[in-house]
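The values are calculated or read from the model by the stated rules, or taken from the named source; none is laboratory data. Model, not experiment: these values are computed from the prediction. Positions of Cβ are backbone-derived with ideal geometry, glycine not excepted, and every protein chain shown enters the neighbour counts. We work out accessible area using only protein heavy atoms, side chains counted, and drop any ligands, DNA or RNA first. Shrake-Rupley method; radii C 1.70, N 1.55, O 1.52, S 1.80 Å.
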Amino acid sequence: CPVVVGRSVELAALAGLLADAADGRGGVAVLVGEAGVGKSRLAREAAALAAGRGVLVLSGRAVPAGSPLPFRPLSEAMLVASRGKRPPDSPDLSGFGGQLARLVPDWGTGDSTGGADNSPVLVGEAVVRLLRVLGGAAGCLLVLEDLHWADPETLAVVDYLADTLAAERVLCLVTTRSAGPSHVADVLDRLRSRRVGTILPLGPLSDGDCADMVRACLSGAEEVDRAVPAFV
């Protein structure tokens, strides 16, 4: 569909969160909804809006697997940022060479402090510091998709980010399905109980919005029979 239909409230919320992050009031936002409801489309719209403002955009996703690799979505996002580059030379990253190497093997800085401890708390702090350095004055948007398939370590990092990004120019936007009890549902419950992060539930489009989407997709047609949107 060439336009976003029926999501004006959510788009406005994401724009506001990006503006807050640019002012140094970052955080975590979660798009929650069933498969196919439009979470990825909204994440792409947010990424386009961020890129248009000069914000660094990094993205990774979880994938279905019997034994998910620890930190897989975070590694994917950081690998894109690191391609062909060395780790930034910043005192903010001092002591976190081991954690950076856990996410991006080529980014091991060679310092031995903390390299053996890959706890989600230390990896989470390494991510915060790295995004601060990479984003600079413009800030950073980190998009992590399909967290219903994520490993427990990644979920623990997201939980940590929700508490630590409030004073950073970083917004972490995650997407997840809303089906039943799960590890990610437990994380969302903890965010609600601590009143941190922004959870944006997505429901199905209304019949009117669905009709508008069909018409937008068939914009080349001279006329769209009313039976077509009704069928869809």
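Per-structure values
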item: Long-range amide H partners of residue 200 with built H, under 5 Å; result: 30, 31, 32
item: Proximal charge balance of residue 4 [Cβ under 13 Å; K/R count +1, D/E count -1]; result: 0
item: Karplus-derived 3J(HN,Hα), 6.51/-1.76/1.60, for each residue of the range 196-209, Hz, glycine and proline x; result: 10, x, 10, 9, 10, x, 10, x, x, 5, 5, 4, x, 5
item: Protein accessible area in the chain, 1.4 Å probe - carbon and sulfur %; result: 54 percent
item: Placed amide H near residue 173: partners under 5 Å, 5+ positions off or other chain; result: 29, 142, 143, 144
item: Net charge dipole size for the range 148-232 [Lys, Arg +1 and Asp, Glu -1 on Cβ; Debye, nearest 20]; result: 340 debye
item: Total formal charge among the other residues, if their Cβ is under 10 angstrom from that of residue 106, Lys/Arg +1 and Asp/Glu -1; result: +3
item: Ordering of 54-67, 135-148 by packing [mean C-beta count within 10 Å, highest first]; result: 135-148, 54-67
item: Cα gyration tensor shape for the range 116-199, rounded if a/c is under 1.5, else prolate or oblate; result: prolate
item: For the range 35-138: rounded, prolate or oblate by the Cα gyration tensor [a/c cutoff 1.5]; result: oblate
item: Phi-based couplings in Hz for the range 141-154 (Karplus 6.51, -1.76, 1.60; Gly and Pro marked x); result: 10, 9, 9, 10, 9, 6, 6, 5, 9, 6, 6, x, 5, 5
item: Extended-chain gain in nm, criterion 0.36 nm per residue less alpha-carbon gap, residue 23 and residue 216; result: 65.9 nm
item: Cβ-based net charge around residue 138, under 9 Å, with every Lys or Arg adding one and every Asp or Glu removing one; result: +2
item: Assigned charges on the beta-carbon of Lys, Arg, Asp, Glu; the chain dipole about Cα centre (debye); result: 300 debye
item: In Hz, Karplus ³J(HN,Hα) per residue of the range 121-132 (6.51, -1.76, 1.60; θ = phi - 60°; x = Gly, Pro); result: 5, 5, 4, x, 5, 4, 5, 4, 5, 5, 5, 4
